[in-house]
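J.: What follows is a structure written as C-alpha cells; I'll ask about it next.
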Amino acid sequence: MNYYVAPMEGLTDRVWRQAHQKWFGWAGGPARYYAPFLSPPENRVLIKKKMAELAPETNPGVPVIPQLLAKDGELAAWMIGELRKLGYTEVNLNFGCPAGTVTAKGKGSGMLRDPAKLDAFLEAVFSHAEGPISVKTRLGVEKPEEFAAILTIYNRYPISELTIHPRVMRQLYRGQADREAFAAALHAGLDPDLTLAGAHSGLHFLLTLPGAGGEQAMVQAAAKQGVRLKGLSEYYMQDAAHCRPDTVVAGYSGLQAEDIPAAAAALSRAWRQMSHSII
C-alpha cells in the first residue's frame, strides 16, 4: 500500500514537505507529496513567488506532484508544459476542491456541474499536453448517482491515476464517505459477477479468484497489466496459512486508477488470461 500526502493550502508548502520528509520519511512512509494547487495565469506569465514553491532544488527527495485548478483546457495544457520544463513528469488536475470561492468560478468540483464542459476540458488537455496526467475528483455535485456519467467521461482519457474523494461537492468535508459508490465504480470495470468484500467498511476491498493458483499468481498477473495489489497473507500478524486463499487486497484510501476505474478492466483482462472465472 502506498501513502500519499494530500495538499492543504497554506500548510503543506515546500518547507513543511522537507520537514515532514526529515522526520517521517521512513521506509514505507509517504511515496509522494501533492503540492497545493496552482491556477494557470490567463496572461500566461508565470508568477515567480508561486513557481518558487515548485523549484526542483527546493523539492528534493520524495516526488512532488504539482496540482492545477483550472477550467480552460488549453490554458491548463500550457501550464502542464511549463511544469514539464521544470522536470515534473506528472501533473494532477483538481476536480475535488469544494470551496465556494473555487466552485463559484467553475473550478475544482464546480467542474462536475456540467459533464459536457468537463469532457471538453479533458479533450483540450489531453490533445495539447503530453506525459502522465492524474485526476482528483468527487462523486458529483448533489448526489453520488452523478458519478456514473462522470466516470464514463474519465474512461475516455488516459488518466494516469484517479483519486476519488467519496463525497459530493455539497457535502464539503461533512458526512460519511460513500463507500458504495466506490464499489460501484470498481464493478464498472470488472466482471459483473465479481463479489467484493469490504464495500461497507474499512479502507480496502478484498477480491477473490478461486482456483487462481494462489494470491501471488494473482498479484503477478495484475502487475503485468500495471495494477498493484497485495496478497491478503501480507496483512496477517501470525499464521498466514489460515487466511482466505486466492484473495488480494485493493487499497481504498487514495484509490488509484490502477484500482478504479480504468485499470479495473486491466484486472479483468489479467485474470481472464489465467483462464479462470472471476467470482
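J.: Scanning the stretch 27-41 for residues that are surrounded by 12 or more Cβ atoms within 10 Å (Cβ to Cβ) and more than 19 Å from the chain's Cα centre (by Cα), which turns out farthest from Lys107 (Cα to Cα)?
T.: Residues of the stretch 27-41 that are surrounded by 12 or more Cβ atoms within 10 Å (Cβ to Cβ), as a first pass: 29-41.
If we keep only those that are more than 19 Å from the chain's Cα centre (by Cα) as well, we get 39-41.
Numbers: Ser39: 10, Pro40: 12, Pro41: 14 Å.
Among residues in the stretch 27-41 that are surrounded by 12 or more Cβ atoms within 10 Å (Cβ to Cβ) and more than 19 Å from the chain's Cα centre (by Cα), the one farthest from Lys107 (Cα to Cα) is Pro41.
J.: Considering only the stretch 21-139, give the strands (runs of 3 or more DSSP E) lying wholly within it that have at least 3 residues that are of a type in the set (Val, Ile, Thr). Please lay out each step first, then the result.
T.: Working: elements: 30-34, 91-95, 133-138.
The strands (runs of 3 or more DSSP E) meeting that bar are 133-138.
J.: While we're on this one: Do we have Ala221 as modelled with pLDDT under 75 and under 15 Å from Asp246 (Cβ atoms) here?
T.: No.
J.: Now a separate question. For the stretch 147-176, which positions are within 14 Å of Gly96 (Cβ to Cβ), assigned to a helix (DSSP H, G or I) and modelled with pLDDT of 90 or more?
T.: The first filter runs over the stretch 147-176 and keeps only residues within 14 Å of Gly96 (Cβ to Cβ), leaving 147, 150, 154, 159, 161-173.
Applying the additional criterion that residues be assigned to a helix (DSSP H, G or I) yields 147, 150, 154, 169-171.
Scanning the stretch 147-176 gives Phe147, Ile150, Tyr154, Met169.
J.: Ok, one more. Checking Glu142 against (1) within 17 Å of His165 (Cα to Cα); (2) among the acidic types (Asp, Glu); (3) modelled with pLDDT of 95 or more, only one condition comes out false. Which one?
T.: Among (1) within 17 Å of His165 (Cα to Cα); (2) among the acidic types (Asp, Glu); (3) modelled with pLDDT of 95 or more, Glu142 violates only (3).
J.: Going through the stretch 47-57 one residue at a time, which ones are basic (Lys, Arg) and either exposed (fewer than 10 other Cβ atoms within 10 Å of the Cβ) or at pLDDT 90 or above (or both)?
T.: Going residue by residue through the stretch 47-57, those that are basic (Lys, Arg) are 48-50.
Scanning the stretch 47-57 gives Lys48, Lys49.
J.: Just to be sure I understand the filter: pairs with C-beta atoms under 7 Å, separated by 6 or more residues or on different chains, first member in the stretch 13-30 and within 17 Å of Pro66 (Cα to Cα), second member among the hydroxyl-bearing types (Ser, Thr, Tyr) and surrounded by 15 or more Cβ atoms within 10 Å (Cβ to Cβ). Which pairs pass?
T.: Here the result reads Arg17/Tyr33; Pro30/Tyr4, each pair linking the stretch 13-30 to a residue that is among the hydroxyl-bearing types (Ser, Thr, Tyr) and surrounded by 15 or more Cβ atoms within 10 Å (Cβ to Cβ).
J.: Identify, by number, the condition in (1) on the phi > 0 side of the Ramachandran plot; (2) crowded, with 17+ Cβ neighbours inside 10 Å that Arg44 doesn't meet.
T.: The number of the failed condition is (2).
The values are calculated or read from the model by the stated rules, or taken from the named source; none is laboratory data. On a predicted model such as this, the values are computed, not experimentally measured, just so you know. When we count neighbours, we look across all protein chains shown, and the Cβ atoms used for this are built from the backbone with ideal geometry, even at glycine.
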